[in-house]
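What follows is one structure encoded as structure tokens, with my remarks underneath.
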Amino acid sequence: MATGKTTSTSAYDERWTERKRKTDEGYTSPRFQTTPDHQRSEAQYQRDRARIIHCAAFRRLQSKTQVLNLGESDFYRTRLTHSLEVAQLGSGICSHLLQTQPQWRDWIAPAMLMEAICLAHDLGHPPFGHGGETALNSIMHAHGGFEGNGQTLRIAMKLGEYSESHGLDLTRRTLLGVLKYPSLHQRIARYPSASQTNQAHLVKPPKCLHDEEADALAWLLAPFSPSDQALLQHIDFPAQTDQHGTTRYKGFDTSIMELADDIAYGVHDLEDAVALRLVTQAQWQSAIADKAAAIEWPHAKDQAECAQLLAFASQQLFLEGDKPRKHAISRIVHFLMERIHIEHQQLFESDLLNLQAVLDPGAEQLLKLHKDFVMQCVILRPQIQELEFKGQQMIRQLMHALLQHPTRLLPLEQQQLLEQGHGLHRTVCDYVASMTDLEATRRYSRLFAPNVGSVFAP
């Protein structure tokens with residue numbers, strides 16, 4: 001076990017604001033060379049945030065679904081609005097931690113840094129959600145794999161339009177914050193037998209990076225000691241030989257982003273479901289309020305506040321109009337955020353890895369009830385699963401057609417990449433993964449639907 005002594009004394013260490021383009025090409029902006037350290041760090045993270053907001057992958061999130069299919073309603077959240085909410089929650093969590101545990105202020109991310117991490121966390125989300133992700137991996141599992149979080153890092157470090165070969169060229173600490181699963185596909189993947197892998201549902205991707213990102217991962221982890229690097233990449237494998245492994249550890253910033261993401265998913269998606277009348281008050285009472293009464297809290301005050309919260313939410317969520325529902329959702333979010341604290345693992349040499357933001361056990365159980373409720377009452381509804389299944393089939397057929405006829409069907413930009421020596425499978429996968437739900441539907445229709453298509457269509 002490590003002593004907990006950090007190998008870096010503050011969040012302003014120059015290694016965290018380093019960019020890979022500088023490492024590889026010696027490029028740097030003279031604008032920040034004479035700026036004081038703390039101001040330079042803030043300015044660098046502000047640049048990261050701006051690059052993310054202005055990149056094409058971020059704009060495309062407005063036409064990628066969070067839960068419901070586009071066109072169903074003007075109310076529900078898209079991946080873009082979800083990312084904005086995660087960013088607000090992430091910076092709010094940092095503010096809360098600064099007030100409650102100021103002894104860790106050197107390591108608590110500035111607002112600009114945390115917002116950049118949260119805004120970027122879904123950039124690699126493919127069309128049609130996790131169904132699209134599984135469809136892509138069903139074809140890519142023998143070619144380095146495909147996973148949405150891995151694609152996010154690929155966009156940030158290679159595909160983004162800010163630089164020729166370094167993607168958005170973000171700072172190391174922003175990229176580390178986005179790094180949810182620090183393992184390559186080939187190290188963590190365990191698939192069923194070859195006779196079964198033609199079935200898309202059997203080749204769900206492991207939570208990982210694509211094999212092509214080995215160099216990116218090595219650069220990201222370079223400031224950490226060899227022992228820290230090895231421990232961070234530790235994988236737990238289940239007893240079953242045909243199930244993927246899982247990574248165990250993540251960085252401090254990532255733990256904050258994940259909590260913000262979980263709260264946004266569990267609570268804000270509930271708001272959509274209530275507004276669209278996909279769930280009833282009786283379902284809410286049975287699945288959340290009644291079960292939450294059994295949660296054991298360490299203090300009577302927490303028990304009483306939880307009971308008051310749920311009584312208020314049960315009434316307000318299902319009243320007519322947006323205001324009562326919004327008030328209830330805000331109260332739930334605030335209740336959860338107030339119960340986040342920092343723990344020190346004392347496993348690593350670097351405190352950027354030792355520190356973790358965690359929910360109090362009772363609040364964690366309450367959030368899980370919300371997430372399970374959204375899963376059971378919304379995502380697993382046959383109507384939603386039909387849409388996911390349809391999207392999955394479109395993605396698979398698109399991939400097969402483009403792989404079989406790249407010179408006929410791929411756009412010129414992708415054909416040029418192939419001429420430059422880029423791999424066929426990864427090039428086609430990057431292209432399809434970048435599509436919005438609507439773009440994928442249109443491309444599918446142009447290729448497979450009779451009487452659809454025009455030389456003038458985009």
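What to note about this one:
- Yes/no for residue 153 being part of a loop (DSSP other than H, G, I, E, B) and within 23 Å of residue 80 (Cβ to Cβ): no
- Yes/no for residue 374 being part of a helix (DSSP H, G or I), β-branched (Val, Ile, Thr) and within 30 Å of residue 134 (Cβ to Cβ): yes
- Residue in the range 252-271 that is modelled with pLDDT under 95 and in a loop (DSSP other than H, G, I, E, B) present: no
- Residue check for residue 395: crowded, with 17+ Cβ neighbours inside 10 Å, touching a residue at least 12 places away in the same chain (Cβ under 8 Å) and farther than 20 Å from residue 257 by Cα: yes
- Contact map, the range 359-383: first residue in the same structural domain as residue 341 (by TED's automatic domain parsing) and at pLDDT below 90, second residue crowded, with 19+ Cβ neighbours inside 10 Å and of a type in the set (Asp, Glu), Cβ cut-off under 6 Å, separation 6 or more or different chains; pairs are 374/269.
- Counting the residues of the range 373-392 that are buried (at least 18 other Cβ atoms within 10 Å of the Cβ) and over 30 Å from residue 286 (Cα atoms) gives 2.
- Hits in the range 382-408 - residues which are under 28 Å from the mean Cα position of the chain (by Cα) and farther than 19 Å from residue 65 by Cβ: 397, 399, 400, 402, 403
- For the range 351-368, the set of residues classified as surrounded by 19 or more Cβ atoms within 10 Å (Cβ to Cβ) and either among the small types (Gly, Ala, Ser) or closer than 23 Å to residue 269 by Cβ (or both) consists of 357, 359, 363, 366, 367, listed by residue number.
- Note on the range 118-164: residues that are surrounded by 24 or more Cβ atoms within 10 Å (Cβ to Cβ), under 12 Å from the mean Cα position of the chain (by Cα) and either farther than 14 Å from residue 435 by Cα or not assigned by TED's automatic domain parsing to the domain that holds residue 54 (or both) total 7.
- When the range 76-87 is filtered for residues that are modelled with pLDDT of 95 or more and either surrounded by fewer than 17 Cβ atoms within 10 Å (Cβ to Cβ) or touching a Cys at 6+ places or on another chain (Cβ under 8 Å) (or both), the ones remaining, listed by number, are 83, 86, 87.
- Subset of the range 277-306 [within 20 Å of residue 360 (Cβ to Cβ), out of contact with any helix residue (DSSP H, G or I) (no Cβ under 8 Å at 6 or more places or on another chain), in a helix (DSSP H, G or I) and small (Gly, Ala, Ser)]: 300, 304
- Flag for residue 273 being surrounded by fewer than 21 Cβ atoms within 10 Å (Cβ to Cβ) and not β-branched (Val, Ile, Thr): no
- Yes/no for residue 229 being surrounded by fewer than 22 Cβ atoms within 10 Å (Cβ to Cβ), closer than 26 Å to residue 90 by Cα and without any contact (Cβ under 8 Å) to a residue 40 or more places away in the chain: yes
- The numbered conditions (1) loosely packed, with under 15 Cβ neighbours inside 10 Å; (2) polar (S, T, N, Q); (3) farther than 28 Å from residue 383 by Cβ are all true for residue 280 except (3).
The values are calculated or read from the model by the stated rules, or taken from the named source; none is laboratory data. Model, not experiment: these values are computed from the prediction. Note that each Cβ is placed from the backbone with ideal geometry, even for glycine, and that neighbours are counted across all protein chains shown.
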